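Below is one structure, written out as structure tokens, with a few remarks after it.
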Amino acid sequence: GGSILGDKTRMDLLSRQDEAYIRPSPSGGFLGGVARHTRDAILLVEAAGYDVVLVETVGVGQSETAVAQLTDLFLLLLAPGGGDELQGIKRGIMELADIVIVNKADGDLLPAAERAVADHASALRLMKPRFNNWQAEVCKLSGLTGLGVPELWGKVTRATSALRQSGEFDQQRERQNLHAFRSELEAGIAQMLLSNPSVRADVMKLEAEVAGGLRKPASAVLEALGLIGFGPKA
């Protein structure tokens, strides 16, 4: 459930701007925090002339980091919290982050937000950054007062410039293309397996055998691929 690429009900002012376009998309239960055709939507709005594209996920969990394969920068938005929250964040997600944002830095939560910034900055220094020419940074922000928004945008532009200068920006785009190809290839093979009723019945039989421990998953996969002519050649 949920929607990605922006929830208009929470962006009343932005949705009225002529320079902005918000496209809510149902996630359809697709894991990764994004929808299957998110990349297509990104390419479409880029072709329409929008030079900044923000992709909002349904909420990043351990298995919901596919957006890092679709975007040039990965920003992780967190609520204020101390060491307990830091322990609860999966290391894999932190290692993907290029910029960590501690939100709700206002009112009574401001001291907690400042502590969280320091905690996350210390944690990031112990992790290997995704890019050679950009060390992940942390900033505090308030969606209520606007505190930190210019500073955040400054980090985004500096990171983008650094990656362009080092050539890593183009390399990231190449990885995005390769990831898209592999994802579509996997989806296409799955569609071939399930679109034919007789093949689908055989696949379901294999699934039951694997679930019951009667077949090894690897051998079942080979047999399933053989059903559509992709089995090992003699």
Can you pull out every residue in the range 208-223 that is of a type outside the set (V, I, T) and not in a loop (DSSP other than H, G, I, E, B)? A208, E209, A211, P217, A218, S219, A220, L222, E223
Can K205 be described as closer than 30 Å to N132 by Cβ and assigned to a helix (DSSP H, G or I)? no
In the range 188-206, what residues are touching a residue at least 40 places away in the same chain (Cβ under 8 Å) and exposed (fewer than 11 other Cβ atoms within 10 Å of the Cβ)? none
(1) within 25 Å of S122 (Cα to Cα); (2) at pLDDT below 75; (3) in contact with a His (Cβ under 8 Å, 6 or more places away or on another chain): which one isn't true of V60, the others all being true? (3)
Those residues that are within 16 Å of L54 (Cα to Cα) and surrounded by 15 or more Cβ atoms within 10 Å (Cβ to Cβ), I need them from the range 144-170; list them, please. L152, K155, V156, A159, T160
Any idea which residue in the range 82-102 is farthest from the chain's Cα centre (by Cα), counting only those that are at pLDDT 65 or above and not in a helix (DSSP H, G or I)? V102
Of the residues S195, S166, only one is hydroxyl-bearing (S, T, Y) and farther than 26 Å from H37 by Cβ; which? S166
Picked from the range 17-37 (must be surrounded by 13 or more Cβ atoms within 10 Å (Cβ to Cβ) and modelled with pLDDT under 60), the residue farthest from G92 (Cα to Cα) is S27
From the option list E137, E209, E184, single residue qualifying as within 19 Å of the chain's Cα centre (by Cα), surrounded by 12 or more Cβ atoms within 10 Å (Cβ to Cβ) and not assigned by the TED database to the domain that holds D106 is E184
Selection from the range 121-139 of residues that are of a type in the set (A, V, I, L, M, F, W, C) and assigned to a strand (DSSP E or B): F131, W134, V138, C139
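The values are calculated or read from the model by the stated rules, or taken from the named source; none is laboratory data. What you are looking at is a predicted structure, and each value in this text was computed from that prediction instead of being measured. Because the Cβ atoms are built from the backbone with ideal geometry, glycine has one as well, and the counts that use them run over all protein chains shown.
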